[in-house]
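The values are calculated or read from the model by the stated rules, or taken from the named source; none is laboratory data. Computed from a predicted model, the values in this text were never measured in an experiment. Because the Cβ atoms are built from the backbone with ideal geometry, glycine has one as well, and the counts that use them run over all protein chains shown. Only protein heavy atoms, including side chains, enter the accessible area calculation; ligands, DNA and RNA are left aside. Shrake-Rupley method; radii C 1.70, N 1.55, O 1.52, S 1.80 Å.
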Amino acid sequence: MTPNPLLDFSGLPRFDALRAAHVGPAVDALIAAARATVERVAGDSRPATWETVAEPLAETLDRLDRAWGAVRHLNAVVNTPELRDAYNGMLPKVTAFHADLGQDLRLLGRYRALAASPGYASLDAARKKAVDNELRDFRLGGAELPEDRKARFKAVQEELANLSARFDDNVLDATNDWALLVESEAELAGVPADVLAEARAAAAAGGKPGFKLTLRMPCYLPVMQYADNRALRATLHRAYSTRASELGARAEWDNTGVIARILSLRREAAELLGYPNFAELSLVPKMAQDAGEVLAFLRDLGRRARPFAERDYLELASFAREELGLADLEPWDLAYASEKLKAKRYAFSEQEIRQYFPEDRVLSGLFRVVETIYGIAIRESRATTWHESVRFFDITDLHGALLGQFYLDLYARANKQGGAWMDDAINRRRAGAHVQHPVAYLTCNLSSPVDGKPATFTHDEVITVFHEFGHGLHHLLTQVEVAGVSGIQGVEWDAVELPSQIMENFCWEWDVVAHMTAHVDTGAPLPRELFDKLLAAKNFQSGMQTVRQLEFALFDMLLHTAWDPRGGSEWTSPQALAEAVRREIAVVPRAPYDRAVQSFGHIFAGGYAAGYYSYKWAEVLSADAYSLFEEHGVLSPAAGARFRDEVLARGGSRPAMESFIAFRGRPPQLDALLRHNGMIIPAS
Ligand SMILES: [Zn+2]
């Protein structure tokens, strides 16, 4: 019998030999081995030390993570029915193993003993942090609660999971239920041809002539942006804005009650763990210290962005009045008028620009940036992969010592999950005398080469590649040797986008862009004039967009702090709170029927509850960090070495704020983000 390739940990994953039939036996064996290790560690009568507690667990979990990570990756990028069955078949077992681990009071006891032992003080900072994180996660998972309250905590978590699913289902059902049949094409003047073709096909599929409009994004958005028919836009806007609310089509899809129950259970879970509200619980593993800090941050940014938002709005309103004959801007005119204004100001074609960004030029431009600033070298290398188009690279230091490796899977194809992401294949970790070097999967869904011509990317797609590469470098350039806190492991949730977003800035530097463009037919670099148009369009309505994000973030944070589900708040309902926040910060008109709260999936069904602020928070960090590069010259090896040493190398081994201050010399400031978004008051 040939050995199972998933159980071979001597090097890179064995993608050449790996088959769906290997998944079940390997994962069963690894879980059994991990459970045996847990028993041994939990029942060990020797004193609790790093070597008797943390090390054996890290070793066994690393094997399970590596094998399961390879399976999860293949399931995402070369999905087949056999692989999907194998993955779905083992997922409950893997999930149950981790759930048991998080509730194992014997392990908690061993970690507590380790933290209280004389040896704890002599552990290095990374090991201390790893132990502290373990204790924190046991506590936040409810493992420390007395039995009766533990049962209640578990019931609350389960009901919350069900309510989140129900919230999503209601929004989805309400979205899918609505349709409008438009008979005459004249009523759809302005709508792009591909959207019309889709709508005609949808009507025909139901045996009807004309065009079937829906509230799904690929239809709703272009109609709101391009349809000249104002009454039609108003109709769609009302339907969209009242989805899953008491004003919507069906009472059973109304999320009002679901929201009330979610908020009350979240408050209960927080109180069971000893926190005054859900926001304070949510912020424990995050970079922001407390809700007060987040609220002050949002309001400070709001105060500074608002004049620019007002300016954006006045410009839009006067353009709409003078050029579109819209005397009063209504909520259903905003996207439409904005598109017209944008087209008038910044006419350029994405298709024209992409001709200047062929794949090889983009990659060599990207590698040039990171090689220059971080003092590394990137060379194409060889490994077995899951698809012929996947490439593999080594990263070395300037003496040729291997730092890490990555797979690059750029093109969209059938049976590959959409989007772009970085995932770890192997984490950096010391195992005895040997240090295991990190390996990453970098995955995108870009257009592939056609007709013998190289693949070309839009500027947005180039930004995506830079962004994911930044996550990759965070994983690959770590110097930490401790599992759980090396690379992106253990990095605070609201700080993890710093290394990725900082990379995006380079795509807006002429010196960088000029080096990575060559027209796919003529070889000519991107004309400066086209680049300037791109740059000008970047900050179109940045003030309005900023206050819109702040409105969501402020609502989210107040809802999970100041709103008390049992009553006694200053607002009568979450809807009333949303309206109060709009009065505080918004600059655009809002329809009285607007029930956006009822479909705010990020905070009621996604992972962003008391965390929506993190979008802006991370932008501030990355813009402010990048401003040091601007001060030193954007390709400065000195600034790069500092970012590599103080942020990338440290991973989760110390608080993100400490890393930021060590790099920047001070806490983050808002100024750089405002400047990058064109929100600066010109000196008089
Ligand atoms: Zn990211």
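Data for the structure
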{"read-out": "Flag for Ala197 being surrounded by fewer than 16 Cβ atoms within 10 Å (Cβ to Cβ) and aliphatic (A, V, I, L, M)", "value": "yes"}
{"read-out": "Matching residues in the stretch 483-494 - criterion: being in contact with a helix residue (DSSP H, G or I) (Cβ under 6 Å, 6 or more places away or on another chain), open to solvent by 20 Å² or more (accessible area, probe 1.4 Å) and under 20 Å from Val620 (Cα atoms)", "value": "Ile488, Glu492"}
{"read-out": "Residues located in the stretch 415-429, provided they are away from the ligand (no atom under 16 Å from the Cβ) and either under 21 Å from Leu64 (Cα atoms) or open to solvent by less than 40 Å² (accessible area, probe 1.4 Å) (or both)", "value": "Lys416, Ala425, Ile426, Asn427, Arg428, Arg429"}
{"read-out": "Candidates Met503, Met544, Met557, filtered to the one that is open to solvent by 20 Å² or more (accessible area, probe 1.4 Å) and either farther than 20 Å from Gln355 by Cβ or not hydrophobic (A, V, I, L, M, F, W, C) (or both)", "value": "Met544"}
{"read-out": "Search result, residues across the stretch 251-272 that are among the aliphatic types (A, V, I, L, M) and open to solvent by 30 Å² or more (accessible area, probe 1.4 Å)", "value": "Ala251, Ala260"}
{"read-out": "When residues of the stretch 430-442 are limited to those that are within 16 Å of the ligand (Cβ to nearest atom) and not small (Gly, Ala, Ser), the one farthest from the chain's Cα centre (by Cα)", "value": "Tyr441"}
{"read-out": "Members of the stretch 77-100 that are buried (at least 18 other Cβ atoms within 10 Å of the Cβ) and assigned to a helix (DSSP H, G or I)", "value": "Val77, Leu83, Ala86, Tyr87, Met90, Val94, Phe97"}
{"read-out": "Filtered residues of the stretch 445-458 (kept if surrounded by fewer than 20 Cβ atoms within 10 Å (Cβ to Cβ) and assigned to a strand (DSSP E or B))", "value": "Asn445, Leu446, Val450, Lys453"}
{"read-out": "Residue within the stretch 420-429 that is part of a strand (DSSP E or B), on the phi < 0 side of the Ramachandran plot, free of Cβ contacts under 8 Å to residues at least 60 places away in the same chain and over 27 Å from the mean Cα position of the chain (by Cα) present", "value": "no"}
{"read-out": "Positions within the stretch 443-480 being of a type in the set (S, T, N, Q), away from the ligand (no atom under 11 Å from the Cβ) and within 25 Å of Leu530 (Cα to Cα), in sequence order", "value": "Ser447, Ser448, Thr456, Thr458"}
{"read-out": "Odd one out for Val131, checked against (1) under 29 Å from the mean Cα position of the chain (by Cα); (2) not in a helix (DSSP H, G or I)", "value": "(2)"}
{"read-out": "Extreme residue, nearest to the ligand (Cβ to nearest atom), among residues of the stretch 380-414 that are under 15 Å from Ser448 (Cα atoms) and part of a loop (DSSP other than H, G, I, E, B)", "value": "Ala412"}
{"read-out": "Pairs, first farther than 22 Å from Leu140 by Cα in the stretch 100-123, second outside any helix (DSSP H, G or I) and open to solvent by less than 80 Å² (accessible area, probe 1.4 Å), C-beta under 6 Å, six or more apart", "value": "Ser117/Ala48; Gly119/Thr49"}
{"read-out": "Members of the stretch 172-189 that are among the β-branched types (Val, Ile, Thr) and open to solvent by 70 Å² or more (accessible area, probe 1.4 Å)", "value": "none"}
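Here's the yes/no breakdown for (1) surrounded by 20 or more Cβ atoms within 10 Å (Cβ to Cβ); (2) under 24 Å from Arg566 (Cα atoms):
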| position | (1), (2) |
| --- | --- |
| Tyr275 | no, yes |
| Pro285 | no, no |
| Phe297 | yes, no |
| Glu310 | no, no |
| Leu314 | no, no |
| Leu326 | no, no |
| Glu330 | no, no |
| Asp333 | yes, no |
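Residue-by-condition table, conditions (1) outside any loop (DSSP other than H, G, I, E, B); (2) open to solvent by less than 10 Å² (accessible area, probe 1.4 Å); (3) among the aliphatic types (A, V, I, L, M):
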residue: Asp460; (1), (2), (3): yes, no, no
residue: Glu481; (1), (2), (3): no, no, no
residue: Val496; (1), (2), (3): no, no, yes
residue: Ala524; (1), (2), (3): no, no, yes
